[in-house]
Structure formats: structure tokens, C-alpha cells
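J.: I have a structure here, written as C-alpha cells, and I will follow up with some questions on it.
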Amino acid sequence: MECEERANPPSTAEMVPHGADRRRRPSPSIRVPIRATSTSLRPRPIGYDLPVPHRARETGAGSLSTAAPRSLTMRLRAPLIATILFLPLAATMTPDASAQAPKEEFNYDEALVREYTLPDLLMIPAGDGSDSEAITSPEAWLTVARPRWLGLLESTEYGRLLPAVPVTAEHVERGPGPDGATRIQARLRLGHGPDAPATEVILYLPSPSRGDKPELPSPSRGDASERLPTFLHLNFSGNHAESTDPAVRIPSGWVPNGKDTGVDDNRAKASSRGTLASRWPVKLLHDRGYATATAYCGDVFPDHADGRKASVLPSLGYVVHDARMVRGDEPGAISTWAWQLSRILDWLVTLPEIDPTRVIVVGHSRLGKTALWAGAGDERFAMVVSNESGCGGAALERRNYGETVRRITTSFPHWFAPTFATYAGRETELPVDQHVVLAMTAPRPLYVSSAVEDRWADPRGEFLAAVAAGPVWGLFGREGLGTDTFPAVDTPIGGTIGYHIRSGPHDITAVDWGHFADFATRVLPAREGR
Ligand code: GTR
């Protein structure tokens, strides 16, 4: 974490966190106000600059510049005293290795999963854990319970939802894509002015006479009944990594290192093109009559512990100078990525080719958590798909199986609201659990999927959350999963909530996407007059 060089030296109080920075790697850039009290070099309180005393002169801190030149011993003594003073403090600020929490054990034995009681979705949460009134109608759910649960999810887990901003499409490029598709590529400016943050979106439209659906509409006519249902997802490593199409633009900012992409310096490169294309089977989706779009999540919040600074949050007025200084319900990366999905939706619904009532948000793993939260905060998404989203996604937190709140909030401190970390080791006290974020999609179609080898994400916990969310769809006269029997592998099930567990490891594959498209075609209401 680079400490900012500030015009006006910060107050000592504010400095303390930076003190910590200085301690860790004394950076010459920090300036400390030297109070011209007396020339004696009695040790001063914390904040006394260590290495190069001459800087004081630059700061024009009168006292020092007017003082008689100090003798060598005196000049040596000052830093020495400061060090002696500083070290004990440093000791208090550095976690004592031996005192660090014992290595966390993760449970994979179903028999060791604790007994637990989930918050009852159909009771208006009083917020203090004491239930009050039962929810018996769709209206009561939509007008009373849902807003309450959404507020609790904001304050407890994901942070406040971010406000909409104007979206301007720039550098819009259209061209022939792979397999006869039409490519539309656009840089979306998010907010006011040319310096507002931006995200790059790539959208592929099926060619009108594709595959086994000759009657596929020719979107150019823009007739409402011919506008296309569309899958939208964020990607981890840049649009170019998920497509072999040479015209796809490469991100210029930070990208994660990865064996698949061959990135080892956090810089995107052309040689990564298509290295993750298996995660986005465009042709398969086109054959099913769907348009499909993606964007890189790092455009709005680079996925690392210090990504907050380079994120869009400052442009939205959020203070980001130190992760430890943010409020308990401050939005993190997942809320910011969910916001990105809504801004892209703002653009998609303006396109004549796209059916604004049938845009489906999809996410894998951390971006599956994001898709769930995007669907919770934006009811314009017609359907939500969570693929192996695990902890903080579809998997129940109260089940002590696989990843835990402690682990996820320490490994990825930038993902959730700071308050979520305070439930580490006391998940049973959470005022919410993951069936609540699933229920936010109701009465729209929801699809949850798992993988057999992805035990870290607790597949049974993902399934049981979908079971527990089902009664909300029931309020609307819709069948949720329709069963609480864990299904056979590779056997999709469900009513308006769909589920499958795929054989194989943690990933999003053409098999998964095929199930999503089949489900969407079955449950997503065809447009009027179609
Ligand atoms: C893991 C994390 C999971 C999941 C996954 C992913 O490191 O523990 O919660 O988010 O990453 O996003 O790939």
C-alpha cells in the first residue's frame, strides 16, 4: 500500500495508520509536522520522522530551520530515541505470530455439519433476531419483507448498493464475429465527463439463420417480438481471454496472474486470447437463440486487496484511502461488480436487437456471488444464474462445510462489507443466510449449479439454500425447486428454481451453459405476441 504524498501534512491522529505503513516500509514520502516547541530533542510523541531529518527544512517547519546546527551525537540520538520509542508500538501493531489464530480447519464430513436454524424468510425480520409478523401474500413480500431483507444483506454482508450513473457508449464497433455471429464492442463511460471510469463490453448476436432454428429473428428489423434474449456475465481475466476473436480489445489495467492466461506480471497480453474460451461457449448459446455479452470485472474493481483505490468507488464519492477506515456497510468488490452489471444492462436495453425483458445475469464462483447480488439489487434482470458461487454466494453460511466466513473475509478482504468479517466463527448469529440472497430473485427464475469435486463451495449447502428459498416463489403461486431430495449427478431438476450438480471440478463449462439455456428457454416467459 503506497502512502499518499499529501499537500498538507496530515494530523498525527490520521497519521497513525500511515505510521503503520511507515513502520512496515519507512517511506520517505511521509511528512510529519514538527512542532516548534523547543530545540531540546526530548523524544516527541509518535510521528517523528525517522530517516532524513533534513526534510523538516523543506517543510519550512520554522523551529528546526532556526535552531543552531545540531551536533553529530545529538543528530544520531534523535532517531535512536525515536526507534526505541517506536519499536514497542510497532510490536503492538504487528500481530504476534505465535498469537495468530490457529490454522483454520475446514470440514468436509457431512456428519460433522452442525445443527442450525435458518432465519425464516416468511417472517418480517425485526432486525434484532426476534420475528414478528408472517408474510402471507406476494404484496407483503414485495413491499415489506423483501426491502427489509435487502437492507439486512446490505448492512451485514455485501455493503450498500451503489447508485446508478449515466452510461455513455463510446468506441462502438460492429463487425463479423466467430461462426457468423455479429460482434458489437463498446466502451461504456460510467458517469459524467471524459475521465469517468469505463468498462469494455463485448456482445455477440447470433446470425439470423443460425443452427436448428431457421426461424430465428433478424434483429436488425428491431421488431419487439424479434428482440433477442441475452446472457450477460462478467469475466475474471479480460474479454480477450474468453474469446479467440482477434478484434476483441485487451484491457490496459491490472489483470490477475494466471497459469491459463500465461500472465505473470498482472499485465494483459494478446497471447492470452481465447485461453479461457471454454468458459464462454458463444456458438452453443447462439444455436439456442441467445445473444451473449461479457465484460471484465477488473474494469471497475481490480480483484486484489488494494483494488478499492483503483476502483470506481472514488468516482462515486467513496473514501478509499484505507480499507480499515471504511464503514461497516461500505460496499466492496462484489457490490461494485454487481453495479457494473446493472450499468451494462442500462446499455443493452437501448439496443434494438436486445429484448430488454429477457436479459439473464450469470456468474461463476466469485462472480456467481456477484450475479446473485446484482439480481437482488436490480429487478430488471429477468433471471439469475449462480454457478458454484459457494461461500457468500449460494452456500448456507450456517453449514460448517468447506469455505468459512473467516477464511473468505481474510483471503479476500475487499469482496464484502467489513461487517461480514465480524461474523467469522459465529455464523449462526448472522441475521441473514444465503437462502435470503437467493430469495431476492423471486418470483423471477433462478438457477443454482454445483460441481461434485467443488467441495470447497459446499454443493449440498448451495442446494439446501435453494430449497429454503422456495417458499417465497410459493407466495407467487410458483413452484420453487419442487423437491428437497438431492438430485443425481448431471441431472437438472426444478420448477422456477433450477439446479444441477455437474460431475467434475470447479469451473463453468459448456455443459453448465447448456443447462442454463435449456432452463431459460423453459421458464423465461416468451414475449407477448411471440
Ligand atoms: C476461491 C474462493 C471462493 C470462490 C473462488 C472463485 O478462492 O475461496 O469463494 O470465490 O475463489 O471465485 O474462483
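J.: Quick one: which residues, 5+ away or cross-chain, put their amide H under 5 Å from the amide H of residue 390? H built at 1.01 Å from N.
T.: 395
J.: So for region 347-401, what are the equivalent ellipsoid semi-axes in whole Å, largest first, each being the square root of 5 times an eigenvalue of the Cα gyration tensor?
T.: 27, 9, 7
J.: Still on this model: For residue 428 and residue 174, compute 0.36 nm times the residue count separating them, minus their Cα-Cα distance, and round to one decimal in nm.
T.: 86.3 nm
J.: Now for a separate question. Is the shape of region 474-530 rounded, prolate or oblate, going by the alpha carbon gyration tensor and its root eigenvalues a ≥ b ≥ c, with a/c under 1.5 for rounded and a/b larger than b/c for prolate?
T.: Since a/c reaches 1.5 but b/c is at least a/b, the shape of region 474-530 is classed as oblate.
J.: Could I ask something else about it? Which whole-number percent gives the relative contact order of region 105-201, counting Cα pairs below 8 Å spaced six or more residues apart?
T.: The normalised contact order for region 105-201 reaches 14 percent.
J.: I need the peptides 255-267, 155-167 ranked by packing, meaning the mean over residues of other C-beta atoms within 10 angstrom, with the highest value on top.
T.: Per-residue mean Cβ counts within 10 Å order the peptides as 155-167, 255-267.
J.: Each label point is 7 Å from the Cα along the Cα-to-Cβ direction; what then is the distance between the points at residue 187 and residue 305, in nm?
T.: My value for the distance between the label points is 3.3 nm.
J.: Further, regarding this structure: Taking the number of other C-beta atoms within 10 Å as the exposure measure, put 522, 380 in order starting with the fewest.
T.: Ranked by crowding around the Cβ, least crowded first: 522, 380.
J.: Right, next: Beta carbons within 10 angstrom, averaged per residue: use that to sort the peptides 447-458, 363-374, 483-494, highest first.
T.: Going from most to least packed, we get 363-374, 447-458, 483-494.
J.: Could you tell me how far the Cα centroid of region 124-201 sits from the Cα centroid of region 323-392, in Å?
T.: If we compute the Cα centre of each part, the gap is 5 Å.
J.: Calculate the dipole size of region 435-522 relative to its Cα centre from +1 charges on Lys and Arg beta carbons and -1 charges on Asp and Glu beta carbons; express the result in debye to the nearest 20.
T.: In total the dipole reaches around 300 debye.
J.: How much length is gained if the chain between residue 270 and residue 140 is pulled fully straight, taking 0.36 nm per residue apart and subtracting their Cα-Cα distance, in nm to one decimal?
T.: Result: 41.6 nm gained on full extension.
J.: Charges at C-beta only: +1 for Lys and Arg, -1 for Asp and Glu. How large is the resulting dipole of region 226-277 about its Cα centre, in Debye rounded to 20?
T.: In debye, rounded to 20, region 226-277 gives about 100.
J.: List the lysines whose Cα sits under 19 Å from the Cα of residue 283, skipping any in the same chain fewer than 8 residues away.
T.: 213
Just so you know, all these numbers are worked out from the coordinates, no wet-lab data involved. Predicted model, so just to flag it, every value in this text is computed and none were measured. Because the Cβ atoms are built from the backbone with ideal geometry, glycine has one as well, and the counts that use them run over all protein chains shown.
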